[in-house]
Ligand SMILES: [Zn+2]
Ligand SMILES: [Zn+2]
C-alpha cells in the first residue's frame with residue numbers, strides 16, 4: 001500500500017517520512033516543526049500525518065435552520081461538527097475554531113455571509 005503524504009497543513013510544504021534511531025517511523029514537514037508521533041509501521045506514520053492534515057484543514061459546519069425571524073429569514077442556531085456530528089449552539093460556540101470533541105478545525109461561515 002502506498003498512501004500519499006498530504007502537504008503540511010501549517011505551511012503547505014512537502015512532508016517527508018523519517019526513521020528514528022529506534023527504528024520507528026514518523027512524518028515531518030520539510031520546513032516547519034510539524035511532525036507525527038513515532039510509529040512502528042511506515043504506513044501508520046503516513047496515516048497519522050494525513051489524519052492530522054485533514055483535521056487542520058477547516059471544514060464547514062453543518063447548519064440546521066429551525067425557524068424564521070421577523071423578516072422571514074431562516075434562523076440558523078444549531079450547527080454540527082462535520083466530522084463527529086457534535087452539536088453546537090451557534091451563538092455561544094461560534095468562537096470555537098476546533099471541535100471540542102474530535103479536534104476538527106471548523107469553518108463557521110454561512111453562504112449568505
Ligand atoms: Zn510545515
Ligand atoms: Zn467533531
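The values are calculated or read from the model by the stated rules, or taken from the named source; none is laboratory data. Only a predicted model underlies this, so the values are computations on that prediction, with no experimental measurement involved. Neighbour counts are summed over all protein chains in view; Cβ atoms, including those assigned to glycine, are modelled from backbone coordinates with ideal geometry.
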* Asked: Do we find that residue 33 is touching a residue at least 40 places away in the same chain (Cβ under 8 Å), within 19 Å of residue 11 (Cα to Cα) and out of contact with any strand residue (DSSP E or B) (no Cβ under 8 Å at 6 or more places or on another chain) in this structure?
  -> no
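Filter segment 1-22 for residues that are farther than 24 Å from residue 105 by Cα and at pLDDT 95 or above and give the result.
We begin by selecting, within segment 1-22, every residue farther than 24 Å from residue 105 by Cα; these are 1-2, 17-22.
Of everything in segment 1-22, those that are farther than 24 Å from residue 105 by Cα and at pLDDT 95 or above turn out to be 17, 18, 19.
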* Residue tally, condition more than 11 Å from ligand 1 (Cβ to nearest atom) and crowded, with 18+ Cβ neighbours inside 10 Å, over segment 7-26 -> 2
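Scan 30, 67 and give me the residue that is away from ligand 1 (no atom under 16 Å from the Cβ), modelled with pLDDT under 95 and surrounded by fewer than 16 Cβ atoms within 10 Å (Cβ to Cβ).
Numbers: 30 fails: away from ligand 1 (no atom under 16 Å from the Cβ).
Checking each option against the conditions leaves just 67.
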* Go through the residues of segment 53-62 one by one and say whether even a single one is away from ligand 2 (no atom under 16 Å from the Cβ) and surrounded by fewer than 16 Cβ atoms within 10 Å (Cβ to Cβ). => no
* Residues of segment 18-36 classified as outside any loop (DSSP other than H, G, I, E, B) and in contact with a helix residue (DSSP H, G or I) (Cβ under 6 Å, 6 or more places away or on another chain), total -> 3
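Go through segment 94-113 residue by residue and tally those that are away from ligand 1 (no atom under 16 Å from the Cβ) and either modelled with pLDDT of 90 or more or buried (at least 16 other Cβ atoms within 10 Å of the Cβ) (or both). Even if it seems obvious, please write down each step before you answer.
Just the residues of segment 94-113 that are away from ligand 1 (no atom under 16 Å from the Cβ), to begin with: 94-104, 106-113.
Checking the rest, the ones that are also either modelled with pLDDT of 90 or more or buried (at least 16 other Cβ atoms within 10 Å of the Cβ) (or both) come to 97-104, 106-108.
Within segment 94-113, residues that are away from ligand 1 (no atom under 16 Å from the Cβ) and either modelled with pLDDT of 90 or more or buried (at least 16 other Cβ atoms within 10 Å of the Cβ) (or both) number 11.
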* State whether the residues of segment 37-60 include one that is within 14 Å of ligand 1 (Cβ to nearest atom) and assigned to a strand (DSSP E or B). => no
* Qualifying residues in segment 33-52 (those that are surrounded by fewer than 16 Cβ atoms within 10 Å (Cβ to Cβ) and under 19 Å from the mean Cα position of the chain (by Cα)) - the one farthest from ligand 2 (Cβ to nearest atom) -> 33
* Structure fact -> residue 95 meets each of (1) within 20 Å of the chain's Cα centre (by Cα); (2) outside any strand (DSSP E or B); (3) in contact (Cβ under 8 Å) with a residue 12 or more places away in the chain with one exception, condition (3)
